[in-house]
Amino acid sequence: MGAMSTTDLWYVSYGSNMSRRRLGCYIEGGQPPGAQMSYVGARDTTMPLADIAVTLPGSLYFAGESRTWGGGVAFYDHDSPGATAARAYRITVSQFVDIAAQEMHRIPDPGDPLEAVLLNGLPDARHQVGPGVYETLIEVGRHDGLPMLTFTAPHGLDATSHAAPRPAYLAMLAEGLREAHGWDQEQVDQYFASVIRGEGEGRRAALPSHSPDALDLMARDPDFAGSRE
């Protein structure tokens, strides 16, 4: 990939960090609404001055059990058919490293080896820095000459059990989709429904037992309904 010419990059979020205030808890510190954890923030607490809406090739899916939200959380399968809505923020390498550390429930560390890896340039477009669920880095493109990086699980959507996300978590995703992509609530609902039902060419149902009625119940939950206002 080559060494970076600056200490900036584009962090691409497809999950709750699409919400600017949720990202702010990783940078400035704090507790996101509806979350069960608070965060210390990054070493550099400057919020991004630039962000752009992007659509990634590949599929979003929900899996695991979140210590922050309960229920499944978002992962990105770059190799699966589909389109994933995302938001890219221009931040520093050190901020990216600190966000990644907090995603893995670690305290940001000035000696984090990931920082040296990024400053020297990823050896490949996909690079696994550890065994954790958010320790596989993928370079999804370039913008203004800077790499666009996201992190996800080492497994794809067909290699793990899926789990329904909690309404508070979906509310954060919904907030980010409205901010970045300008979607209305109908578009947000359709997007979530297509992900949860596994709609799209070449995809299996993400949650076979998750019925449209259950999606309606999610939407009526106060945490999720509050995000519509």
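The values are calculated or read from the model by the stated rules, or taken from the named source; none is laboratory data. Given the structure is predicted, the values throughout are model-derived calculations rather than measurements. Virtual Cβ from ideal backbone geometry, glycine too; neighbours counted across all protein chains shown.
Structural remarks
- Qualifying residue in the range 50-66 (condition: over 27 Å from Asp158 (Cα atoms) and part of a loop (DSSP other than H, G, I, E, B)): yes
- Restricting Pro167, Pro108 to those that are farther than 15 Å from Tyr26 by Cβ and of a type outside the set (Lys, Arg) reduces the list to Pro167.
- Among residues that are of a type in the set (Asp, Glu) and either at pLDDT 95 or above or touching a Cys at 6+ places or on another chain (Cβ under 7 Å) (or both), Asp98 is included.
- Filter pass, Ser80 being under 15 Å from Thr150 (Cβ atoms), modelled with pLDDT of 90 or more and among the hydroxyl-bearing types (Ser, Thr, Tyr): yes
A quick yes/no check of all residues on (1) in a helix (DSSP H, G or I); (2) surrounded by fewer than 20 Cβ atoms within 10 Å (Cβ to Cβ); (3) of a type in the set (A, V, I, L, M):
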| residue | (1), (2), (3) |
| --- | --- |
| Pro131 | no, yes, no |
| Tyr134 | no, no, no |
| Gly141 | no, yes, no |
| Met148 | no, no, yes |
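- Of the residues making up the range 116-140, those that are under 20 Å from Ala86 (Cβ atoms) and touching a residue at least 60 places away in the same chain (Cβ under 8 Å) are Leu118, Leu122, Ala125, Val133, Ile138, Glu139, Val140.
- Yes/no for Ala164 being surrounded by fewer than 22 Cβ atoms within 10 Å (Cβ to Cβ), touching a residue at least 60 places away in the same chain (Cβ under 8 Å) and touching a His at 6+ places or on another chain (Cβ under 7 Å): yes
- Complete set of residues in the range 67-117 that are over 17 Å from Pro154 (Cα atoms) and assigned to a strand (DSSP E or B): Gly71, Ala83, Thr84, Ala85, Ala86, Arg87, Ala88, Tyr89, Arg90, Ile91, Thr92
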